[in-house]
Amino acid sequence: MKLLTQRSTSRVALLMVLCAGLSLRVIAQSSSNQFWPEIEGYYSFDPKLRLGVMASRSTDGASYNSIEVGPTLNFFAKRFVRPVLTTPNEAKNNSLVFGVGYRYLAGINQAPENRIEIDFTPQVPLPLGLQASDRSRVDVRFIEGAGTSWRYRNRINLQRTFTIQRFVFSPYGQGEFFYSSSSGSWNKTTYQFGANFPFRKHFDIELYYEHDNNIGSTPNRVNAFGITTYIYF
């Protein structure tokens, strides 16, 4: 009886080890660690209107060989009486920002996509030098072989500027939630933590970490480190 119990225990332990190994393998297969480089340039026609152009590795692509490019037109509805953040980005110095953009996404083993982006972002200064923003965006997506769909995205951001002697930086935290018409559900969430490092009046470097949860997609978990260079004219 004792020998039988030992054998049973050994078999259960072996089964648990095998299950754990398979689970770790599945997790490894469904997770992806990525690096997202990006560059954005902006030209201001006047204090209320600017044009931006961006190029980056696509954050929607599973392959490093993906690309995302396109322009955006921003309209600033109302400027803060006194800006809260120290930044060359004029969009963060206005209480309401509208945007209309176009994106082309492509990559190896990824169907090309043409996308129209429409968004508006109210921003509110808070006590302690904080600034909050709540961006609502609609992506109208034309994916080759998959027809037309749309996606609603809501992003909440909290940011503050710190100055240590001449060193200025603005750390932030944000969360974004995605609703997809093709699945009829909230199928993606992202959490991002980073900081902006302005350099004089025309440059800004952003470093960040982002974690994505994607329901029904592969990979369904993404951990990404990103660097974005902003140039302002």
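So the values come out like this:
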| read-out | value |
| --- | --- |
| Conditions (1) in contact (Cβ under 8 Å) with a residue 24 or more places away in the chain; (2) buried (at least 18 other Cβ atoms within 10 Å of the Cβ); (3) not β-branched (Val, Ile, Thr): number failed by Trp150 | (2) |
| Residue satisfying all of: in the stretch 33-54; of a type in the set (D, E, K, R) and in contact (Cβ under 8 Å) with a residue 12 or more places away in the chain; surrounded by the most Cβ atoms within 10 Å (Cβ to Cβ) among these | Arg50 |
| Boolean, Asn93 is closer than 22 Å to Arg79 by Cβ, modelled with pLDDT under 95 and surrounded by 18 or more Cβ atoms within 10 Å (Cβ to Cβ) | yes |
| Cross-chain or 6+ apart pairs with Cβ under 6 Å, the stretch 91-107 first and without any contact (Cβ under 8 Å) to a residue 40 or more places away in the chain and more than 19 Å from Gly41 (Cβ to Cβ), then small (Gly, Ala, Ser) and surrounded by fewer than 17 Cβ atoms within 10 Å (Cβ to Cβ) | Leu96/Ala77 |
| Pairs, first within 16 Å of Phe199 (Cβ to Cβ) in the stretch 154-181, second aliphatic (A, V, I, L, M) and assigned to a strand (DSSP E or B), C-beta under 6 Å, six or more apart | Phe169/Ala195 |
| Single residue of Leu85, Leu73 found to be over 17 Å from the mean Cα position of the chain (by Cα), crowded, with 19+ Cβ neighbours inside 10 Å and within 28 Å of Lys188 (Cβ to Cβ) | Leu85 |
| Qualifying positions in the stretch 99-124 - in a strand (DSSP E or B), exposed (fewer than 14 other Cβ atoms within 10 Å of the Cβ) and more than 18 Å from the chain's Cα centre (by Cα) | Ala111, Pro112, Val124 |
| Glu210 being of a type in the set (Asp, Glu), part of a strand (DSSP E or B), within 21 Å of Tyr179 (Cβ to Cβ) and in contact (Cβ under 8 Å) with a residue 12 or more places away in the chain | yes |
| Flag if Ser170 is hydroxyl-bearing (Ser, Thr, Tyr) and in contact with a strand residue (DSSP E or B) (Cβ under 8 Å, 6 or more places away or on another chain) | yes |
| Test: residue in the stretch 55-69 that is free of Cβ contacts under 8 Å to residues at least 24 places away in the same chain, of a type outside the set (D, E, K, R) and more than 14 Å from Glu90 (Cβ to Cβ) | yes |
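Residue-by-condition table, conditions (1) touching a strand residue (DSSP E or B) at 6+ places or on another chain (Cβ under 9 Å); (2) crowded, with 19+ Cβ neighbours inside 10 Å; (3) under 30 Å from Phe167 (Cα atoms); (4) not acidic (Asp, Glu):
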{"position": "Ser180", "(1), (2), (3), (4)": "yes, yes, no, yes"}
{"position": "Ser185", "(1), (2), (3), (4)": "yes, no, no, yes"}
{"position": "Thr189", "(1), (2), (3), (4)": "yes, no, no, yes"}
{"position": "Phe193", "(1), (2), (3), (4)": "yes, no, yes, yes"}
{"position": "Phe199", "(1), (2), (3), (4)": "yes, no, yes, yes"}
{"position": "Tyr209", "(1), (2), (3), (4)": "yes, no, yes, yes"}
{"position": "Asp212", "(1), (2), (3), (4)": "yes, yes, no, no"}
{"position": "Asn223", "(1), (2), (3), (4)": "yes, no, yes, yes"}
{"position": "Phe233", "(1), (2), (3), (4)": "yes, no, yes, yes"}
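The values are calculated or read from the model by the stated rules, or taken from the named source; none is laboratory data. Model, not experiment: these values are computed from the prediction. Note that each Cβ is placed from the backbone with ideal geometry, even for glycine, and that neighbours are counted across all protein chains shown.
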